[in-house]
Amino acid sequence: MAGTPPPDAWLLDITESPDGRSVVLWTKERTTARVHRTAVEYRPPFFVVGARSDLDDLRPRLEGRATVERVRRVVLRPSIFDHRPRSVLEVIPTRNAARRSLARSVDELGGFVRYTLFDVDLSPPQLYHLAHDLYPFAPVVGHGAAIRATEPAETVHYTPPPLVVARLAVTLDGPHHGRLPPAEGRIASIRLGDATLEGPEEDLLRALVGELARTDPDVLLTDGGDALDLPWLYRRAAALGLGPQEFALGREPVGFRPARAARSFETYGRILYRSATYPLPGRFHLDRENSFLFDDADLAGLVDAARLSRLSLSTVARQSPGTCFTAMEMAEALRRGLHVPWKKNRPESFRRADRLVAADRGGVIFVPPVGVFGPVDEFDFASLFPHIMVRKNLSAETLECRCCPASPIRAPGLGYRSCTRSVGLIPRTLEPLLTRRIAYKAAAKDLSLPAEERARLTGRVKMLKWILVTAFGYQGYRNARFGRIECHEAINAYARELLADLIPAAERVGYRVVHGIVDSLWLAPTDPAHPPDPNAFARSVSARTDLPLGYEGRYRWIVFLPAVTHGLGVPNRYYGVYESGEFKLRGIGGRRHDTTGLVRRFETEMLDLFRAAPGPDEFRARLPRALRRADGFASQVRAGAWPVEELVISHRIGQASDAFVTFTDSVAALRQLEQAGASRQPGEVVRYVVLDRTSRSFRERVRPEELLTGGERYDPDAYLEILARAAETLLGPFGVARDGLLERWGYGGRVDRDPYRSPESTAQSVLDGVALDGAG
Amino acid sequence: MGRTVPTYRQALEERLKRWDEFARLLTTPEERAAFETLRLGARRYVAQATYVGSPDLLESILLSVLLDLARRLPADETARPAHR
């Protein structure tokens with residue numbers, strides 16, 4: 001395998017070598033499609049910045065250590081805040097794996113304050129890419145380690161390498177419900193690409209290795225491979241006495257242990273679970289269930305993100321878009337000869353409390369009026385926040401810079417100045433992303449391109465969108481490397497000012513504002529018989545503000561939904577249909593992952609019924625029919641005739657099963673799963689059907705999806721409630737309320753009345769009060 | 001998430017909870033409904049109050065409530081010029 005890569009190849013990946021002293025370059029020959037492995041010795045340094053005397057103090061203490069290869073003084077410009085080079089200490093560890101622990105002990109020697117460390121947590125492959133002007137999937141020429149990319153990573157239109165993708169799926173022996181593996185389960189068959197392998201288990205595993213060698217795929221694609229297929233393959237291989245040499249799924253032998261253990265973690269108030277990941281050096285394993293980005297952005301989007309971030313495709317697939325963006329910032333910093341601080345050491349500056357109140361605000365979010373409206377035109381700013389960051393040069397080091405005390409670029413209401421002399425790191429990182437997104441979006445609409453190419457472009461657009469969205473959030477996040485809270489505030493200030501300016505601008509051309517959220521506006525023509533030209537409005541705003549306002553389309557009608565608690569409109573809950581017949585749904589059941597099939601079907605039928613209504617009046621005229629359809633659903637549910645597969649409720653577990661103090665449906669499901677040998681971690685999802693919600697027995701209360709036999713009798717009242725809630729969600733603004741529906745449907749349980757009905761929703765029911773009478 | 005200052009929305013909800021105590025001693029349905037109107041008025045203009053970013057929470061709440069009441073007045077009342 002070891003050898004020299006031929007000229008004219010693709011660089012697929014760079015991985016760390018187990019010897020700890022080198023990295024491995026994986027290249028794919030363009031003509032023969034053969035993959036070559038080249039190991040190169042590479043031990044990148046990290047840097048220590050501090051006062052001269054502190055560095056003099058540190059040096060002898062490091063020199064004697066076994067984990068230190070070399071320490072020397074070098075002169076460089078470490079951070080974006082340093083305006084001239086300074087003398088720093090360069091430290092090279094003996095093994096790459098020791099980088100972090102060595103850095104930690106340096107930090108400790110300085111009492112966590114005297115030393116600032118740089119370039120610690122970039123991986124050796126990342127640093128190798130950046131030090132050699134390389135990037136994942138680069139077309140390269142040259143031999144051995146002496147390869148160079150033939151075009152820069154930022155090239156907008158490029159040919160990605162032809163990757164061989166094979167699906168991998170393992171089927172276990174014996175009867176099993178869903179994907180619940182029995183503890184002693186054996187592998188019955190394995191599918192790899194087009195081949196299905198069967199036979200005695202050991203022959204099967206050897207055949208898989210043979211098939212991998214024959215077809216030599218670059219990417220293994222699985223659904224749940226990190227949680228099921230890979231651990232199971234390794235578990236059975238170990239049980240049969242196969243070693244890493246005989247059973248390698250990557251392109252070089254590697255131990256059967258995961259590179260990263262499974263974990264539960266909390267993010268934005270949700271508990272999530274991420275499976276362990278198993279490295280396959282030289283090959284990529286993409287697990288659709290363990291990848292946030294893969295589902296949405298597709299392989300083309302991931303390849304694009306890998307190129308720009310210098311992260312391996314396997315890493316990109318498993319990380320958040322925020323990690324990708326941070327890696328892109330790091331890459332930009334290193335390209336400019338700067339270095340990456342290990343921990344952010346920039347406290348917020350002190351401010352008066354009233355200033356803080358003034359500064360710490362989000363974007364403009366209106367409370368929409370509740371009810372049905374139409375026609376309504378929708379306008380969105382494309383990537384508004386990133387565009388503001390670029391246009392206003394907002395970056396940690398360009399805000400309130402020392403060089404431009406008289407800068408005319410000032411955040412409205414806050415006065416923060418932006419530098420006029422040099423372009424900041426964030427705008428530099430963002431600008432190429434914005435350019436790419438616009439170029440790909442335009443090209444994806446070009447019908448002369450093959451469908452496959454357009455799908456690839458769409459994948460890249462989605463990926464870029466996610467990265468651009470995170471770029472803003474990371475400005476205010478305390479762990480963001482190059483973030484600064486004042487940037488976050490300035491961006492919001494510019495955005496608020498923009499929306500405030502748009503209200504009179506819209507009114508001048510003949511609109512009134514119905515609703516607005518940060519970067520989106522819903523405008524109704526004052527005279528529906530003579531609506532303004534929406535495209536002309538968008539163009540004039542874009543030209544005046546230098547920010548791209550897009551016309552999304554005209555709604556025939558749009559319904560803004562109320563909050564259950566107070567009855568005023570909720571900014572992000574609405575449904576409507578464009579003139580094209582396409583729906584836009586936000587915050588209603590069908591958009592949520594935990595919706596039952598029953599609710600999804602109900603919503604689809606309801607929306608189909610309203611779709612053809614050309615306006616609000618015709619929408620209201622269809623309400624009686626909608627209620628009759630709801631009654632039809634209810635009578636089927638009550639009769640016990642609904643198929644149980646459509647009644648499966650999903651629930652994400654927030655805590656370990658023994659930590660629950662109340663007996664809930666999910667606890668009942670978890671207990672049964674545990675007894676069947678399948679424990680679930682916080683952040684994983686449990687799915688079940690409710691059989692009798694009043695039962696105190698966990699077996700009689702629910703049945704987990706994995707244990708369904710098909711003949712279950714479900715609890716009709718539980719599902720009538722779910723149905724009534726779904727109907728209220730859609731039709732609440734027109735006087736349809738849950739308790740009324742339940743009474744009408746002969747619900748057997750107790751109806752929990754709302755504490756009060758707000759005057760707002762009562763008023764609306766009077767206005768649209770035809771609904772219930774008409775259907776009676 | 002490490003927010004330094006509560007948002008206007010959060011501060012408003014916090015204050016409205018205190019108002020609930022006030023409402024508990026109201027004795028007629030008419031008073032309770034009228035009180036509910038005030039609460040809704042306060043919530044209706046969160047976007048505008050956030051935009052101002054006043055350090056005086058009560059100023060923003062009262063302005064919202066007053067505007068909500070003013071918009072319910074008959075049209076000729078609001079249209080009359082302020083100075084004669």
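Since every read-out is calculated from the coordinates, none of them should be taken as a lab result. Computed from a prediction, not measured in an experiment: that's the story for all the values here. In this analysis, Cβ positions are derived from the backbone assuming ideal geometry, glycine residues included, and neighbour counts consider all displayed protein chains.
Proximity of backbone amide H atoms, modeled 1.01 Å from N, is registered between A:R167 and A:G193, A:L221 at under 5 Å, excluding neighbours fewer than 5 places apart on the same chain.
The 3J(HN,Hα) values that the Karplus relation (6.51, -1.76, 1.60; θ = phi - 60°) gives for the stretch A:605-621 are, in residue order, 5, 4, 5, 4, 5, 8, 3, 7, 4, x, x, x, 5, 5, 4, 4, 5 Hz. Gly and Pro appear as x. Sorting A:D223, A:D617 from the fewest to the most surrounding beta carbons within 10 angstrom yields A:D617, A:D223.
Rounded to whole numbers, the Karplus 3J(HN,Hα) couplings from phi for the stretch A:328-334 are 5, 4, 4, 4, 5, 4, 5 Hz, using 6.51 cos²θ - 1.76 cosθ + 1.60 with θ = phi - 60°, and x at Gly and Pro. Here, the protein assembly as shown has an Rg and a Dmax of 30.8, 100 Å when only alpha carbons are counted.
Other residues within the sphere of radius under 10 Å centred on the Cβ of A:E252, judged by their own Cβ, net out at +3 (K and R +1, D and E -1).
Which whole-number percent is the relative contact order of chain A (Cα, under 8 Å, 6+ apart)? Intermediate values should be presented prior to the final figure.
On the way: 1400 pairs, mean separation 75.4, N = 776.
In percent, rounded to a whole number, it is 10.
Compute the Cα gyration tensor for the stretch A:78-119, then decide on rounded, prolate or oblate, letting a ≥ b ≥ c be the square roots of its eigenvalues: rounded whenever a/c is under 1.5, prolate when a/b is larger than b/c in the other cases, and oblate in all that remain.
On the way: a/c = 2.52, a/b = 1.51, b/c = 1.67.
Cα axes put the stretch A:78-119 in the oblate bin.
On a per residue basis, the convex hull of the C-alpha atoms belonging to the stretch B:8-71 measures out at 72 Å³. Projecting the alpha carbon convex hull of the stretch A:46-121 along each direction and taking the average yields 4.7 nm². Listed as lacking a disulfide-compatible partner in the protein assembly as shown: A:C324, A:C403, A:C404, A:C487, by the criterion of no other cysteine Cβ under 4.7 Å.
Karplus-derived 3J(HN,Hα) values for the stretch A:709-717, using 6.51 cos²θ - 1.76 cosθ + 1.60 with θ = phi - 60°, are 10, x, x, 5, 9, 8, 8, x, 4 Hz; glycine and proline are entered as x. A simple spin-label model places the labels of A:D82 and A:H651 5.5 nm from each other, with each point 7 Å out along Cα-to-Cβ. Once both labels are positioned 7 Å from their Cα atoms along Cα-to-Cβ, the gap between A:I92 and B:R72 label points is 7.8 nm.
In chain A, the DSSP-assigned H stretches of four residues or longer account for a calculated mean residue ellipticity at 222 nm of -11000 deg cm²/dmol, using -39500 (n - 2.57) per stretch and the full residue count as denominator. Put in order of Cβ neighbour count within 10 Å, fewest first, the listed residues A:C403, A:C324, A:C419, A:C487 become A:C403, A:C419, A:C324, A:C487. Neighbour counting of Cβ atoms within 10 Å sorts the residues A:S422, A:S17, A:S101, B:S64, fewest neighbours leading, into A:S101, A:S422, A:S17, B:S64. Using a/c under 1.5 as the rounded threshold, could you call the stretch A:644-713 rounded, prolate or oblate? The axes a ≥ b ≥ c are square roots of the C-alpha gyration tensor eigenvalues, and prolate needs a/b larger than b/c, oblate otherwise. It is prolate, given that a/c is not under 1.5 and a/b is the larger ratio. Judged by the ratio a/c of the largest to the smallest principal axis of the C-alpha gyration tensor, the stretch A:353-562 counts as oblate, that ratio being 1.5 or greater while a/b is no larger than b/c.
Less than 5 angstrom separates the built amide H of A:R70 from those of A:I92, all sequence-distant by 5 or more or on a different chain. Using only alpha-carbon positions in the stretch A:9-86, the gyration tensor eigenvalues give semi-axes of 37, 18, 7 Å once each is multiplied by 5 and square-rooted (largest first). In straight-distance terms, cross-link reach from B:K17 covers every one of the aspartates and glutamates whose alpha-carbon lies under 14 Å from its own, apart from those fewer than eight places away in the same chain; here that gives B:E36.
Using the Cβ-Cβ distance between A:D501 and A:R699 with R0 = 60 Å, the FRET efficiency computed as 1/(1 + (r/R0)^6) comes to roughly 0.45. In this structure, the amide hydrogen of A:S695, modeled 1.01 Å from its nitrogen in the peptide plane, lies closer than 5 angstrom to no residue at least 5 positions away or on a different chain.
Pairs from the list A:K445/A:K465; A:K462/A:K584; A:K392/A:K465; A:K445/A:K584; A:K465/A:K584; A:K441/A:K584 with a Cα-Cα gap above 24 Å: there are none.
For the stretch A:548-576, backbone nitrogen atoms closer than 18 Å to the point 7 Å from A:A621 Cα along Cα-to-C-beta are found at A:556-558. Kirkwood's formula applied to the C-alpha pairs of the stretch A:434-551 gives a hydrodynamic radius of 16.9 angstrom.
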